[in-house]
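Below: the structure, in structure tokens.
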Amino acid sequence: MEKIKVGVIGTGFIGPTHIEAIRRLGFVEVVGLAEHGQEVAEQKAVELGIPKAYGDYRDMLKDSDIQVVHNCTPNHLHFQINKEIIQAGKHVLSEKPLAMSSEESAELLKLAKEHQVVHGVNFNYRQFPIVKQLETMIRNGELGKVNLVHGSYLQDWLLFETDFNWRLAPEVGGKSRAVADIGSHWCDTVQYVTGKKIVEVFADLATVIPVRKKSTSQGSTFGGQKGQEEAYEDIPINTEDYASVLVRFEDGVKGLFTVSQVSAGRKNRLSFEIACSQNSAFWNQEEPEKLWIGYRDQPNQTLLADPALFNPEAKSSIHHPGGHNEGWPDALKNGLLNFYTFIREGKNPLSDKATFATFEDGHMSMCITDAILASHEQQKWMKVTVKQEYVHEIRGVYSSLSKLTF
């Protein structure tokens, strides 16, 4: 079978990780790379071993050989580029956030449906094997009824006043930072695991470092800057370093989460605990192979990721024997495997159930972020408002239409 041919736009932190994950699939080939300017594009293409280089992504979209495009650009470029990818008739895998506002994400979802392209968003934490296992356990009632949910997503890469990155600028990163950047992952993962949508929020946000020092020589995201440069420019910061959010789910279940990018020692600690009527379950992304299961009347257990111990519905998500731990790059690969299998099998994005996060999930995420920002500003509970025609059940299916040929 001929390989699916792919183009990638953007080669910062996330672009090369997409390329690596795509190459692990076997039946997909990255044939093009787009950057800002031909010289940069050609340099990156040589470094990454990609045959075609485009100094303007629009030239890539004219390439009839390319069937799928990954949008790995900074946040403020997502909407326009995603829109043009769809209008070019190509399938699209976008980094999150899907756009800069819920109005933009709603438009992208509408366009994707009209053009019947396969559309995905890189919410990769739902793709960890042990997370898939937990989802099946909750869906099958093995832990009992969900009573409450709580957790956090903590990082330390912006702890020092000399830490600076494009995500700090609202015109580039968006009006929300910690919530949109990492809180969106927490919300998506928890909604996926529980099968419940977040419908109301009460938020408290804070900018812990209100003025940062921007160096004349900037490192990349998670670059580990230590403030050793001599020349700095003071930059006022008006996006949040921290947030705590009370949440209500659609069936009345309550919860809360905290996000922080200024928590020393926490490198990428997404964690959550789900308290059910029979057992509790806790997962931490920094120890991704472990699922803690709590009991009232017997010793607690730790389930290690092992295909021999997984439910049948979750076994396809784990690819190595027990003890051969799969982590963040493997979760990304799992998401892309589901996305490209959907394409290879000629499934219809309007009628077939997706096993990856779609633009609907991306739009839902934008609506939650909007509600969190409004809640903090008004200091009250805010409903998560989503236009009804764009809402889907977490495990629902689309209306039946004829199969899309690829």
Cα lying deepest toward the dipole's positive end in region 94-251, options I209, G174, P129, charges on Cβ: P129
R0 = 35 Å: FRET efficiency of V211 with D251, Cβ-based, nearest 0.05? 0.20
Region 314-364 and region 266-295: distance between their alpha carbon centers, rounded to Å: 21 Å
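For a quick check of your reading of the filter: which trypsin sites (Lys or Arg not before Pro) in region 278-352 sit in a DSSP loop and have no more than 11 other Cβ atoms within 10 Å?
Those satisfying the criteria are R296.
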Using θ = phi - 60° and the Karplus curve 6.51 cos²θ - 1.76 cosθ + 1.60, what whole-Hz ³J(HN,Hα) does each residue of region 57-65 get, with Gly and Pro shown as x? 4, 5, 5, 4, 5, 7, 6, 5, 6
Counting only DSSP beta bridges with both residues in the chain, tell me the antiparallel percent, nearest 5. 60 percent
Taking a spot 7 Å from the Cα of T385 along the direction of its beta carbon, which residues of region 44-80 have an amide N less than 17 Å from it? none
Low-density loop cleavage sites - trypsin sites (Lys or Arg not before Pro) in region 117-216, where at most 16 other Cβ are within 10 Å (DSSP): K145, K175
Pop a pseudo-label 7 angstrom from the Cα along the beta-carbon direction at both A264 and E114 and give the gap in nm to one decimal. 5.3 nm
So, in nm, how far is label I293 from label E20 when the simple model puts each one 7 Å beyond its Cα toward the Cβ? 3.3 nm
Restricting to lysine pairs 8 or more places apart or on different chains, what number in region 56-149 have Cα atoms under 22 Å apart? 12
Cα convex hull of region 198-350: mean projected area in nm², to one decimal? 14.8 nm²
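How big is D, in µm² s⁻¹, for region 49-98 by Stokes-Einstein at 4 °C and 1.567 mPa s if Rh is the Kirkwood radius over C-alpha pairs? Walk me through the numbers on the way to the answer.
Details: Rh = 11.3 Å.
After rounding, the answer is 115 µm²/s.
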Under a point spin-label approximation (7 Å from Cα along Cα-to-Cβ), what is the N147-K3 distance to one decimal in nm? 5.2 nm
Over the chain, what is the relative contact order in percent, taking alpha-carbon pairs closer than 8 angstrom and at least six residues apart? 19 percent
If you take the Cα atoms of the chain, find Rg, then find the Kirkwood Rh from the mean of 1/r over all pairs, what is Rg/Rh? 0.95
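Bear in mind that the values in this text are calculations on the coordinates, not laboratory data. Values in this document were obtained by computation on a predicted structure and should not be read as measured data. In this analysis, Cβ positions are derived from the backbone assuming ideal geometry, glycine residues included, and neighbour counts consider all displayed protein chains.
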